[in-house]
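Okay, structure first, notes after.
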Amino acid sequence: MKKKIDTVESRKKIGFPDKRADWNKEQAIYDEHTLKIDGHPVMEDWETGYMEKLAQIVTLQGGDILELGYGMGISAGFIQANKAVKSHYIVECHPDVVTKAIADFREPISLSKMHILSGFWQDITPKFSNESFDGIFFDTYPLTEEEIHGNHFWFFEEAHRLLRPGGVLTYYSDEATEFSANHKIKLRTSGFHEINFEVCKVNPPADCEYWQDNTIVAPIIIK
Ligand SMILES: C[S@@+](CC[C@H](N)C(=O)[O-])C[C@H]1O[C@@H](n2cnc3c(N)ncnc32)[C@H](O)[C@@H]1O
């Protein structure tokens, strides 16, 4: 049997930008199935079914939706398709990706059904008032070694501040079958106590550098 790729080591080998801002100096390279930035496998379209599931979860209440990370815009398309969504704000840091988002969604943007905010979430989301959103979908990409398989942990407190009571948080979970104890502690210490998930079947290619399992957790976290 072929040895599984170590998805932590493979990303360490590619290396990370010295500063967060340096990520934006590298070209974003799209092909039909993938997005690569600075040699990193940022997004691949084998995730489409998973993105659809996460889009269903984040729109459970309809209303005002915040999405972090545009990537290939797969989840954005599913969120837009939901008629119960009133507003859809997307925060994306990379200038090439922002350009692609504007080209992909020209019409909904012109109708103010979608708003693209260009920048790092760390600089942008503090500008939103408390309890601004009914659903939040977090799917950025680790930009440092310590964030590999856990970049969402740094966002949990901010997500709790931004959600209305009863609002839903979901995210690319980086776990195959269940939440780790550490993951649940991070959610609880950020104020979340209604913690549920579904397990989604996926079929990544054998040479995928960031996911090697046939399932992935779809979080359903309610404030
Ligand atoms: C995995 S992709 C998002 C995939 C998307 N859900 C889709 O369906 O195609 C991650 C995106 O997050 C962006 N990103 C990384 N770090 C970010 C940050 N701190 N703030 C905002 N965007 C970030 C990357 O440039 C990339 O476009």
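The values are calculated or read from the model by the stated rules, or taken from the named source; none is laboratory data. Keep in mind that this is a model prediction, so the values were computed, not measured. Methodologically, a virtual Cβ is constructed for each residue, glycine included, from the backbone with ideal geometry; neighbour enumeration extends over all protein chains shown.
Residues to consider are F120, F128; find the one that is surrounded by 16 or more Cβ atoms within 10 Å (Cβ to Cβ) and under 25 Å from E175 (Cα atoms).
F120
Consider region 176-198. How many of its residues are assigned to a loop (DSSP other than H, G, I, E, B) and not polar (S, T, N, Q)?
Adding up the residues that qualify gives 6.
Got a number for residues in region 67-91 being closer than 27 Å to K25 by Cα and out of contact with any Asp or Glu (no Cβ under 9 Å at 6 or more places or on another chain)?
The number of residues fulfilling the criteria is 0.
Would you mind finding the one in I148, I124 that is aliphatic (A, V, I, L, M) and free of Cβ contacts under 8 Å to residues at least 60 places away in the same chain?
Just a single option satisfies the conditions, and that option is I124.
For region 68-85, what are the residues that are under 17 Å from the mean Cα position of the chain (by Cα) and within 14 Å of D134 (Cα to Cα)?
Answer for region 68-85, where residues must be under 17 Å from the mean Cα position of the chain (by Cα) and within 14 Å of D134 (Cα to Cα): just I79.
Among the listed residues H149, H88, H115, identify the single one that is under 22 Å from A159 (Cα atoms), away from the ligand (no atom under 12 Å from the Cβ) and under 13 Å from the mean Cα position of the chain (by Cα).
Matching residue, one of H149, H88, H115: H149.
Contact list please: Cβ distance under 8 Å, first residue in region 52-79 and among the β-branched types (V, I, T) and assigned to a strand (DSSP E or B), second residue modelled with pLDDT of 95 or more and within 8 Å of the ligand (Cβ to nearest atom), pairs at least six apart or on different chains.
I65/F137
Please find, among T170, T177, T144, the residue that is more than 18 Å from T59 (Cα to Cα), polar (S, T, N, Q) and within 18 Å of the chain's Cα centre (by Cα).
Within the list T170, T177, T144, the selection yields T144.
Evaluate the following for D22: is it in contact with a His (Cβ under 8 Å, 6 or more places away or on another chain) and without any contact (Cβ under 8 Å) to a residue 40 or more places away in the chain?
no
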